[in-house]
Amino acid sequence: MLSANVISGRVDHALGCTHNDVGPLRLVVTLVFIGVAVPTSGATTPIEGLPGFFRFLAEFGPLRQLTGGIRSIPYCDAHGDAGLTRGWVMMAVGLVAAALFGFGVLGWYDRKELHRIPVETTPEKAATPA
């Protein structure tokens with residue numbers, strides 16, 4: 001979720017949207033991410049019992065990697081080969097990918113000399129009495 005949040009925040013800034021501009025849209029996107037992440041995590045339903053689309057998403061979904069890593073702590077004495085190493089590696093890969101994408105988009109945005117903060121219009125000067 002952290003990776004998805006970082007990516008969506010960077011995309012919002014690149015498109016010039018502030019949090020006030022896309023409030024309801026951000027909520028819908030977050031709910032979709034959660035709606036896809038929960039079944040593919042393997043915590044509530046076994047991966048083998050899911051349709052093919054969700055099994056495909058579960059291969060690289062971050063919540064499944066976290067669930068496997070956390071499950072390996074109490075049940076497998078925190079052995080790395082029981083899923084803990086994969087959980088840490090996938091969390092690091094997700095964070096690095098999100099950071100590279102975010103900084104890449106911001107670098108592109110700055111090279112185009114676009115403004116991330118909307119320019120405020122100054123009100124016309126009021127007429128001063130003579």
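The values are calculated or read from the model by the stated rules, or taken from the named source; none is laboratory data. Small disclaimer: the values here were computed from a predicted structure and weren't measured. Neighbour counts are summed over all protein chains in view; Cβ atoms, including those assigned to glycine, are modelled from backbone coordinates with ideal geometry. Surface areas here come from the heavy atoms of the whole protein model, side chains and all, with no ligands, DNA or RNA. Shrake-Rupley method; radii C 1.70, N 1.55, O 1.52, S 1.80 Å.
Residues in segment 98-130 that are under 30 Å from Gly42 (Cβ atoms) and at pLDDT 90 or above: Ala99, Leu100, Phe101.
Residues of segment 81-90 that are open to solvent by less than 90 Å² (accessible area, probe 1.4 Å), part of a helix (DSSP H, G or I) and closer than 16 Å to Ala58 by Cβ: Gly87, Met90.
Search segment 67-80 for residues being open to solvent by 60 Å² or more (accessible area, probe 1.4 Å) and in contact (Cβ under 8 Å) with a residue 12 or more places away in the chain, and hand back the single one that is farthest from the chain's Cα centre (by Cα).
Arg71
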